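The values are calculated or read from the model by the stated rules, or taken from the named source; none is laboratory data. Keep in mind that this is a model prediction, so the values were computed, not measured. Don't worry about glycine lacking a Cβ; one is built from the backbone with ideal geometry, like all the others, and counts go over all protein chains shown.
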Amino acid sequence: MEGGSTAPGPTPPLLLISEHFAPSTSATAQLMTDLAHGLVARGRPVTVLTATGGDPGATPAGLQVVRLHRRGGGPRHGVLTKALNGLRFLAGSLLWGLRHGGRGQQVLIASNPPFIGLLGPLLQLRGLGYVFVFQDLFPRSAVLSGVLPAAGPLTSLWRRLMAWVVRRSSSTVVLSEAMADRLRRDFGPGLPLTLIPNWAVEAAMPMPRAANPFARELGLDQLFTVQYSGNFGRLHDLLTLLEAARLLVDDPIRFLFIGGGAKGDQIRAYREGLGLANLLQLPYQPRERLPESLGACDLSAIGLIPGAEDTVAPCKFYGILASARPVLLIARRRCDLARLVLDQDCGLVVEPGEAAELAAALRQLQRDPERVEAMGRRGRALYDQRFGRERSIAAYAALLR
């Protein structure tokens, strides 16, 4: 009997580990859902481990979602509650991976919770290889937000552990060159880094604000509107925008906040405590309404506290560009994102604390709709030239091959 080669078996499914997934409306959930669907559409089967419960609706053939449900109560945004939920998810994912994972299988780990990257080296014990995705740089993000001290044994331990996770990975995905530079400064040279930016999970419908159904429902169709849509997180600067709203309380300008997070109380304090009638606050909107809500404004805002510019890469930036709305960036002018906005003339940049300067700039824009429209067009052109879901998912597919 003649010998022959054995045909290779089918590629095992990619194991995608993400605490947040559909039907959650968080940014990470929507991005990882898009990524899973995009990889399946390219012929790569995917198994998702997530802590998100609920019914995501129909899923395509080739996509399996395993829901390791959260337990426990407490404040939704409490640090301790989030940490405990994250630890439960880490333990459940580790047990599932050790029990069901196959030698040589690829794992893609999204950094929510931030310490979930520890799964990578642990699953290597079972013969699985992993790619780690840094949505924000831990433990630096915890230091900037005050959760961990800037120096001390606990912070040093986490820094060493995360350096270990990055170095053991097949590759670690970062979202910007600034994040890559920060990792090299913190963890040393020679890291296996790959830059793949995020993308717009949705874009506004191509219509003026005055014709937007969402804006009409809120009575904003005839008023110049500045919107902040997304997470009100600890690394986000809301106070500069809120102070500008206070200074503009008698102007025909409205401020719309849509989302949730740790700093939501700041918005309520300004709206209720100071009685600011020009300030509206709404919860996260269903994904099917995002094309309307994202377009219910003239200008869309991003705020970063000093030091966060190379630690996070706000995915709302891509949604703003794709929606053809100018970017209002509150961040230090020397950061990469600020230079991009200024170089492309697709929005405004003010530093944290420059509320008076922001108020003056908004008054000028409110009287100059042609300039607002031109900045939005340039932002959309930038998105088409350099970013986009298909471009980023293709980069992930190539990396995972």
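The table for this structure:
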{"item": "Answer from 216, 254, 271 - the residue that is closer than 21 Å to residue 329 by Cβ, outside any loop (DSSP other than H, G, I, E, B) and of a type in the set (Lys, Arg)", "result": "254"}
{"item": "Exclusive hit being at pLDDT 90 or above and either surrounded by 14 or more Cβ atoms within 10 Å (Cβ to Cβ) or not aliphatic (A, V, I, L, M) (or both), set 53, 57, 72", "result": "53"}
{"item": "Only listed residue being in contact with a Ser or Thr (Cβ under 8 Å, 6 or more places away or on another chain) and not polar (S, T, N, Q), chosen from 307, 303", "result": "303"}
{"item": "Flag if residue 144 is surrounded by 21 or more Cβ atoms within 10 Å (Cβ to Cβ), in contact with a Phe, Trp or Tyr (Cβ under 7 Å, 6 or more places away or on another chain) and either over 18 Å from residue 23 (Cα atoms) or outside the structural domain of residue 20 (by TED's automatic domain parsing) (or both)", "result": "no"}
{"item": "Residues being farther than 18 Å from residue 358 by Cα and in contact with a helix residue (DSSP H, G or I) (Cβ under 6 Å, 6 or more places away or on another chain) - total across segment 275-293", "result": "4"}
{"item": "Some residue of segment 267-275 being surrounded by fewer than 22 Cβ atoms within 10 Å (Cβ to Cβ) and within 14 Å of the chain's Cα centre (by Cα)", "result": "no"}
{"item": "Contacts under 9 angstrom Cβ, first residue in segment 286-315 being assigned by TED's automatic domain parsing to the domain that holds residue 176 and closer than 18 Å to residue 326 by Cβ, partner part of a strand (DSSP E or B) and not charged (D, E, K, R), 6 or more apart", "result": "none"}
{"item": "Out of 171, 156, sole residue that is polar (S, T, N, Q) and either more than 24 Å from residue 318 (Cα to Cα) or surrounded by 22 or more Cβ atoms within 10 Å (Cβ to Cβ) (or both)", "result": "156"}
{"item": "Only one of 224, 255, 214 that is out of contact with any Asp or Glu (no Cβ under 8 Å at 6 or more places or on another chain) and surrounded by 14 or more Cβ atoms within 10 Å (Cβ to Cβ)", "result": "255"}
{"item": "Strands (runs of 3 or more DSSP E) completely within segment 12-91 that count 2 or more residues being within 19 Å of the chain's Cα centre (by Cα)", "result": "14-17, 46-50"}
{"item": "Residues satisfying the stated conditions in segment 92-117, i.e. part of a helix (DSSP H, G or I) and among the basic types (Lys, Arg)", "result": "99"}
{"item": "Criterion (over 24 Å from the mean Cα position of the chain (by Cα) and either at pLDDT below 95 or farther than 19 Å from residue 255 by Cβ (or both)) met by exactly one of 380, 401, 386", "result": "401"}
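To keep it simple, each residue is scored yes or no on (1) closer than 26 Å to residue 128 by Cβ; (2) among the aliphatic types (A, V, I, L, M); (3) touching a Lys or Arg at 6+ places or on another chain (Cβ under 9 Å); (4) at pLDDT 95 or above.
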| site | (1), (2), (3), (4) |
| --- | --- |
| 171 | yes, no, no, yes |
| 191 | yes, yes, yes, yes |
| 194 | yes, no, no, yes |
| 201 | no, yes, yes, no |
